[in-house]
Structure formats: structure tokens, C-alpha cells
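Asks: Sharing a structure, written as C-alpha cells. Questions coming.
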Amino acid sequence: MGFHEKWIGRVKGCLTSASISILVNGSPTEEFKPQRGLRQGDPLAPLLFVLVAEGLTGLMREAVSRNLFHSFMVGKNKVPVNILQFADGTIFFGEASMENVSVIKAILRSFEIASGLRINFAKSQLGAIGQSEQWIRCAADFLNCGPLQLPFCYLGLLIGVNPRRKVVWEPIINKFEARLNKWRQRSISMAGRITLTNVVLTALPLFYMSFFRAPSGVINKLTTIQRNFLWGGNQEGKKIAWVAWSQVCAARERGGLGVKDIKAFNKALLIKWKWMMFQHPDQLWNRILISKYRGWRGLHEGSTRQKFSY
């Protein structure tokens with residue numbers, strides 16, 4: 001990757017110079033050097049893991065360049081998608097063929113030998129669209145993993161479900177109510193309630209609201225939980241709300257309490273993607289959207305006649 005030899009030597013020194021002593025019944029043992037890389041929690045570990053994981057992308061890039069692996073083509077522009085990585089999660093995309101499955105197995109095995117990392121096939125799954133269940137089972141058995149069932153969870157999000165359905169948002173509502181039950185019996189001042197409402201209650205659905213537009217019923221439910229908690233109410237009884245909720249959500253400079261409006265917050269998070277669309281037109285997700293949805297092309301080129309909705 002072009003790193004300087006001095007930098008590489010320093011990283012190797014970090015990997016080999018550390019020593020560990022274990023407490024046994026309160027007494028430390030003799031120091032020894034770990035043989036499996038960095039210690040847990042080392043701040044250098046995420047950086048090195050990303051560098052190693054880049055090798056998996058390089059293997060896939062080499063397989064595609066040699067026409068051994070056939071990528072999945074998205075939309076009319078035929079945007080190729082073959083591998084997506086986030087932290088320690090990896091998704092392979094390609095044509096549903098046993099040739100591709102064999103190449104994936106070869107890539108994973110090569111990556112294991114080169115990096116020393118082992119693929120957890122017990123947590124891996126394989127799915128295919130347009131193929132029979134028997135073919136999916138055979139391909140999954142070949143990779144020594146399980147078949148993928150829709151919907152599935154990836155990075156905390158349910159993939160393959162309609163985000164307009166309330167069932168998708170039930171985990172968020174349950175978390176709201178769980179936090180409310182946890183604090184209900186405690187004596188908290190108004191300032192403390194405002195702080196907890198902003199820091200915790202509005203932070204819980206951040207990931208969901210960054211991708212999905214919350215239905216009106218879900219927003220109303222979450223707002224009700226916020227309102228009851230702020231004014232000291234609970235499920236058994238409600239207390240009087242002395243100030244309109246719109247005023248509570250206003251900025252402190254305008255006489256409000258600074259509590260986030262969930263509906264406006266959700267809209268702002270979604271508009272962020274629109275802004276990124278103009279700022280980073282060459283990113284993969286942007287090219288996929290333009291290729292798949294023809295109406296996005298006019299928006300991307302600055303046409304004011306194109307409508308944009310989430």
C-alpha cells in the first residue's frame with residue numbers, strides 16, 4: 001500500500017514488544033509476549049484491522065479483473081457491485097452461479113492463509129434471488145454456512161421489510177418505554193428531565209431515522225413518551241403540560257427548552273443524504289441510485305423540475 005519502511009517497522013515493534021502478566025489469586029505471573037497480535041482494546045487495532053480487511057477487497061478486485069467473478073450489475077448504467085465492507089461485516093454480491101460461489105470460497109480461504117484471520121462461517125449466510133431453495137441450500141452447504149432468510153438484520157437494521165410498517169419501529173418504541181420505566185421512580189429535576197430527553201431519548205432512534213422516514217403513528221408515540229416523561233407523567237396517569245410542545249421544542253434563544261422535535265429531526269437526517277448526493281457524486285451508493293432510479297438523474301444534474309421525496 002505504499003507505507004514507508006520506518007512506519008512498518010514501528011508497527012511491527014508494537015506487535016512484538018508488548019508483554020503481559022496475569023494475576024493468579026492476586027499474585028502476578030511471569031511476563032510473556034502475546035502471539036496473537038495486539039492486546040484487546042489497543043487503539044492501534046482498528047487501524048490495522050481496516051488495513052488487513054482491505055486485502056479482502058484487493059482479492060475481489062483481482063478476481064473481477066481476471067473475469068473469474070461476475071459482479072451484480074445495478075440499473076441501466078450497469079453499475080458493478082461485488083463487495084461491501086463495514087467494520088468486521090462483509091457482504092459479497094454477484095450473479096447467482098456456482099462459479100461465483102466457488103470463487104468466493106477461494107477468496108475467503110486465501111484471505112485466511114494470508115492474514116491469519118478466520119472466517120466465522122457459523123455467523124455467515126448465503127441468499128439468492130431467482131434461484132430455488134434447493135440451489136440455495138447446496139450453495140450454502142458448499143460454503144459451510146446457513147441459508148439467508150428475509151428479512152435479515154445487518155448493522156442493526158432490518159433489510160427486506162417495509163419501513164412504513166409499525167413493526168419495524170417496535171424495537172425503538174420498546175427502548176423508549178424501557179428507559180422511561182427505568183427512571184420513573186427516581187426524583188429528577190426539570191433540568192435533568194430535559195437533559196435526559198435530549199441526550200438519551202432522542203439519540204436512541206438516530207440510526208433508524210438516518211435511513212427511514214418514520215410513520216406519523218410512530219412519531220406521535222415517541223413524542224407522547226417524551227412529553228409524559230418531561231412533565232412527570234407515566235402510563236397510569238398524565239400530568240398537565242403547562243407549555244405547548246411546539247414551544248418546548250423551540251430553541252433556547254427563542255424561549256424554548258431545546259428539546260428535539262423528532263419529526264423535524266428525522267427530516268433533517270434524511271436531507272443529509274440529499275446534500276451528500278451533490279457533494280460526493282462519485283460515491284458508489286450515489287451511482288447506484290442514479291442508475292436504478294431514472295428520476296434521480298435530473299436531480300443530480302441540478303434540474304429544478306425533478307421532484308425529490310423520501
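The values are calculated or read from the model by the stated rules, or taken from the named source; none is laboratory data. All values reported here derive from a predicted model rather than from experimental measurement. Here the Cβ positions follow ideal geometry from the backbone for every residue, glycine too, while neighbour counts run over all protein chains shown. Calculation scope for accessible area: heavy atoms of the full protein, side chains included, ligands and nucleic acids excluded. Shrake-Rupley method; radii C 1.70, N 1.55, O 1.52, S 1.80 Å.
Asks: Kindly provide the set of residues from the range 243-294 that are more than 21 Å from the chain's Cα centre (by Cα), open to solvent by less than 40 Å² (accessible area, probe 1.4 Å) and under 30 Å from ASN82 (Cα atoms), ordered by number.
Replies: Hits for the range 243-294 are ILE290, SER291.
Asks: Something else: Could you tell me how many of the residues in the range 103-132 are open to solvent by less than 60 Å² (accessible area, probe 1.4 Å) and closer than 18 Å to TYR154 by Cβ?
Replies: Total meeting the criteria: 7.
Asks: Mind listing just one residue for me: the one in the range 34-71 that is closer than 16 Å to ASN100 by Cβ and aliphatic (A, V, I, L, M) and, of those, surrounded by the fewest Cβ atoms within 10 Å (Cβ to Cβ)? First the steps, then the outcome.
Replies: Of the range 34-71, the ones closer than 16 Å to ASN100 by Cβ are 56, 59-71.
This time we only want the ones that are aliphatic (A, V, I, L, M), so: 56, 59-60, 63-64, 68.
Details: LEU56: 21, LEU59: 18, MET60: 23, ALA63: 22, VAL64: 17, LEU68: 15.
So the residue we want is LEU68.
Asks: Count, please, the residues in the range 133-175 that happen to be without any contact (Cβ under 8 Å) to a residue 40 or more places away in the chain, in a helix (DSSP H, G or I), open to solvent by less than 70 Å² (accessible area, probe 1.4 Å) and farther than 26 Å from PHE212 by Cα.
Replies: 3
Asks: Of the residues in the range 11-48, how many are in a strand (DSSP E or B) and either among the aliphatic types (A, V, I, L, M) or in contact with a strand residue (DSSP E or B) (Cβ under 9 Å, 6 or more places away or on another chain) (or both)?
Replies: If we filter the range 11-48 for residues that are in a strand (DSSP E or B), which is where we start, we get 20, 23-24, 27-28, 32.
From the residues that got through so far, the ones that are either among the aliphatic types (A, V, I, L, M) or in contact with a strand residue (DSSP E or B) (Cβ under 9 Å, 6 or more places away or on another chain) (or both) too are 20, 23-24, 32.
So the count comes out to 4.
Asks: Given the structure, is ARG179 open to solvent by 60 Å² or more (accessible area, probe 1.4 Å), assigned to a helix (DSSP H, G or I) and basic (Lys, Arg)? Steps first, please.
Replies: Numbers: open to solvent by 60 Å² or more (accessible area, probe 1.4 Å): yes; assigned to a helix (DSSP H, G or I): yes; basic (Lys, Arg): yes.
It is true that ARG179 is open to solvent by 60 Å² or more (accessible area, probe 1.4 Å), assigned to a helix (DSSP H, G or I) and basic (Lys, Arg).
Asks: What is the one condition in (1) in contact with a strand residue (DSSP E or B) (Cβ under 7 Å, 6 or more places away or on another chain); (2) not in a helix (DSSP H, G or I) that GLY130 does not satisfy?
Replies: Single failed check for GLY130: (1).
Asks: Among (1) part of a helix (DSSP H, G or I); (2) at pLDDT below 80, which single condition is THR223 missing?
Replies: Checking THR223 against (1) part of a helix (DSSP H, G or I); (2) at pLDDT below 80, the one that fails is (2).
Asks: Something else: With the checklist (1) open to solvent by less than 60 Å² (accessible area, probe 1.4 Å); (2) at pLDDT 85 or above; (3) part of a helix (DSSP H, G or I) in hand, flag the one item ARG193 doesn't pass.
Replies: For ARG193, the exception is condition (2).
Asks: Are there any pairs with C-beta distances below 8 angstrom linking a residue in the range 41-70 that is free of Cβ contacts under 8 Å to residues at least 40 places away in the same chain and β-branched (Val, Ile, Thr) to a residue that is open to solvent by 90 Å² or more (accessible area, probe 1.4 Å) and assigned to a helix (DSSP H, G or I), with the two at least 6 apart or on different chains, and if so which?
Replies: Between residues of the range 41-70 that are free of Cβ contacts under 8 Å to residues at least 40 places away in the same chain and β-branched (Val, Ile, Thr) and residues that are open to solvent by 90 Å² or more (accessible area, probe 1.4 Å) and assigned to a helix (DSSP H, G or I), there is no close pair.
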